[in-house]
1. Which strands (runs of 3 or more DSSP E) does the range 244-297 wholly contain that include 3 or more residues that are farther than 30 Å from Asn180 by Cβ?
2. If I go through the range 137-187 residue by residue, how many of them are free of Cβ contacts under 8 Å to residues at least 24 places away in the same chain, within 21 Å of Gly256 (Cβ to Cβ) and within 14 Å of ligand 2 (Cβ to nearest atom)?
3. Return a yes/no flag: does the range 193-208 have any residue that is within 9 Å of ligand 1 (Cβ to nearest atom), open to solvent by less than 10 Å² (accessible area, probe 1.4 Å) and touching a strand residue (DSSP E or B) at 6+ places or on another chain (Cβ under 7 Å).
4. In the range 339-351, how many residues are within 15 Å of ligand 2 (Cβ to nearest atom), open to solvent by 100 Å² or more (accessible area, probe 1.4 Å) and either among the basic types (Lys, Arg) or part of a helix (DSSP H, G or I) (or both)?
5. I'd like the full set of residues that are open to solvent by 60 Å² or more (accessible area, probe 1.4 Å) and of a type in the set (Phe, Trp, Tyr), limited to the range 37-82.
6. What number goes with the only condition from (1) open to solvent by 50 Å² or more (accessible area, probe 1.4 Å); (2) touching a helix residue (DSSP H, G or I) at 6+ places or on another chain (Cβ under 8 Å) that Glu152 does not pass?
7. If you scan the range 209-237, which residues turn out to be farther than 15 Å from Lys286 by Cβ, among the aliphatic types (A, V, I, L, M) and open to solvent by less than 10 Å² (accessible area, probe 1.4 Å)?
8. With respect to the numbered conditions (1) buried (at least 21 other Cβ atoms within 10 Å of the Cβ); (2) more than 18 Å from Lys326 (Cβ to Cβ); (3) at pLDDT below 95, which one is the sole condition not fulfilled by Ala240?
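The values are calculated or read from the model by the stated rules, or taken from the named source; none is laboratory data. As the structure is a prediction and not an experimental result, all values here were calculated from the model. Note: ideal-geometry Cβ built from the backbone for every residue, glycine included; neighbour counts use all protein chains shown. Heads up: the accessible areas ignore ligands, DNA and RNA and are worked out on the full protein's heavy atoms, side chains in. Shrake-Rupley method; radii C 1.70, N 1.55, O 1.52, S 1.80 Å.
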Amino acid sequence: MRVIVTGGCGFIGSHLIRKLLDIKKIKILNIDKFGYASDHSNIDEKLVTCNQSNYHFQKLDLSNKEELISVVENFEPDLIMHLAAESHVDRSIDNPSEFISSNIIGTYNLLEASRNYFRQLDQHKRSKFRFHHISTDEVFGSLGELGQFSEETAYDPRSPYSASKASSDHLVRAWYHTYNLPIVVTNCSNNFGPWQFPEKLIPLVITKAINNEIIPIYGDGNNIRDWLYVEDHVDGLILAATKGTIGHSYCIGGYGEETNKNIVHKICNILDKERPANKSYRSLIKFVKDRPGHDKRYSINSKKIKEELGWDAHYGLDKGLEETVKWYLEHLDWVKKTLEKSNYEGERIGLKSS
Ligand code: NAD
Ligand code: DAU
């Protein structure tokens, strides 16, 4: 099995590669532009204990179509798992052009490289090939108090990030219907876990608390996200990529609906226990100006992937959060190094327009 993973130096991609490296007779090519949120330590740690010759890294921006075509052709993949994307909503508000370029044009270039490669394959190889596009629940927009997103939900993206991901989902489906490229799409809810860049809510809150800085909660803190531990997502990705029905999409999530306020309280409770200070970490919380176009609630119905592919989550929100907080406490050096390398100091992003 020869697998190309794009975005493998990111949070989810690096966890995916770790898991793939446990599979025998697999060759992996990780294509990543190595952007501000990229890091290779997660994979490096794993490579110490497995056959390094099964893994290759190619630093490449998906905007380079010519190079991409030749890299795909030369590697001869059976499977492409496409995770590379700009992924932070707040950054998409300040600088949408990066999201158009990576998430839409980048996906278009990868689809064209895949189509070019696919049409040269013999019948046997064609029947094995899959293009798996990894997407988000944010393409479905924002829910009220009731209801859940499923594979049938109409697209209604609200931020430049989610609109760029929705566009990429549409392109992937168009390449299936028009060119018969064998695709599978997954749409997942909010991931959390070790090695996540500290600009996203959970690692940002942990980092701020440890540094005795203000913990910012946007708006009234009652927005709801459906949190899934990253390893559970990765299990779902491998199932969908290898056993999913061609042309179908699968929603993944559904285990951890919680308000932002409660998530922050839970993190503070764990920190109060694991690293007591002279007052509770909750005293650092501050309600700040809301995110423009802030989606109210996400919630996923995972019935299809459970029933068709036998996926289930193994970590609940509380167990996952506890492991995550402890991991960050043990990896403060990594946090410091990662922030320094990316020139990000935890400042508020996404308010340039207001
Ligand atoms: P991340 O930001 O941690 O990693 C993304 C990686 O993609 C980075 O290493 C970056 O360098 C790379 N990349 C971006 N643009 C590229 C380009 N033009 N060429 C090559 N590489 C490029 O993101 P993540 O949280 O790991 O998310 C991975 C994927 O999963 C994304 O497609 C995202 O939309 C999707 N997703 C994320 C979540 C979540 O909660 N984090 C949930 C559902 C879906
Ligand atoms: O739903 C899946 C999506 O989840 C992924 O597609 C995205 O790539 C990923 O970034 C994530 O998007 P969110 O916008 O939901 O994640 P974020 O961690 O940025 O914010 C989570 C919630 O917390 C959101 O309601 C905004 C709020 N928030 C965020 C930050 C960074 C705060 O209240 N304070 C903060 O400082």
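1. Details: elements: 249-252, 257-259, 285-288.
Hits in the range 244-297: 257-259, 285-288.
2. Counting residues in the range 137-187 that are free of Cβ contacts under 8 Å to residues at least 24 places away in the same chain, within 21 Å of Gly256 (Cβ to Cβ) and within 14 Å of ligand 2 (Cβ to nearest atom) gives 1.
3. No, there is no match, as no residue in the range 193-208 is within 9 Å of ligand 1 (Cβ to nearest atom), open to solvent by less than 10 Å² (accessible area, probe 1.4 Å) and touching a strand residue (DSSP E or B) at 6+ places or on another chain (Cβ under 7 Å).
4. 0
5. Scanning the range 37-82 gives a single hit, Phe57.
6. Unmet condition: (2).
7. Step one: of the range 209-237, the residues farther than 15 Å from Lys286 by Cβ are 210, 222-237.
This time we only want the ones that are among the aliphatic types (A, V, I, L, M), so: 210, 224, 228, 230, 234, 237.
Matches in the range 209-237: Leu228, Val230, Val234, Leu237.
8. (3)
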